[in-house]
Amino acid sequence: MDIGMTGKRIKEARERRNITQEELADMINMSATHISVIERGIKVPKLDTFVAIANALEISCDELLSDSIEHPKFIIPDEVSKAITNLSPKDRNKIIKMIKIYVEE
């Protein structure tokens, strides 16, 4: 596991949600210093801490570990879900129909 890359992905996910290290730390009952150490890849978070961070950032654990998981099953559905979340219901239905047509071929 590349803890440096995992820490970088945690930081990127936190910044995408416009959350400070202090805010994330408060969300999971940790210190901002500990969050900083994890993001910089200095320390490997405990499993319960890792899961708490993923939940707080609303991101899947496998996405944070994407370089370590040989057979990620949830990254692509998560990417698709994120891509269509902000679409209008009409456009979302179009995309779903297109995917169904593509898969059936």
Taking Cα atoms, the helix 89-104 axis meets the longest principal axis of the chain at an angle in degrees (rounded to 10) of 80
If one takes the longest principal axis of the Cα atoms in the chain, at what angle in degrees, from 0 to 90 and to the nearest 10, does the Cα axis of helix 47-57 lie? 60
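So what is the relative contact order for the chain, in percent, with contacts set as C-alpha pairs under 8 Å and at least six apart? Spell out each step's value before the answer.
Working: 78 pairs, mean separation 27.0, N = 105.
Relative contact order of the chain: 26 percent.
With +1 on each Lys and Arg Cβ and -1 on each Asp and Glu Cβ, how big is the dipole of the chain about its Cα centre, in debye rounded to the nearest 20? Write down the numbers at each step before the final one.
On the way: 16 positive and 18 negative charges, 58 e Å.
Here the size comes out at about 280 debye.
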Degrees between helix 75-85 axis and first principal axis of the chain (Cα, 0 to 90, nearest 10): 70
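With the Cα gyration tensor of the chain in hand, convert its eigenvalues to equivalent ellipsoid semi-axes via √(5λ) and list them largest first in whole Å.
Details: eigenvalues 199, 55, 18 Å².
Semi-axes from the Cα gyration tensor: 32, 17, 9 Å.
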Ser66 to Lys90: FRET efficiency via 1/(1 + (r/R0)^6), r the Cβ-Cβ distance, R0 25 Å, to the nearest 0.05? 0.20
Length gained, Arg16-Glu104, 0.36 nm per residue minus C-alpha separation, equals 28.2 nm
Lys97 and Ser81 label points (each 7 Å along its Cα→Cβ direction) are spaced in nm at 2.5
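Here, each number is a calculation from the coordinates, and none is a lab measurement. These figures come from a predicted structure and were not determined experimentally. Cβ sites come from the backbone with ideal geometry, for glycine too, and all protein chains shown count toward neighbours.
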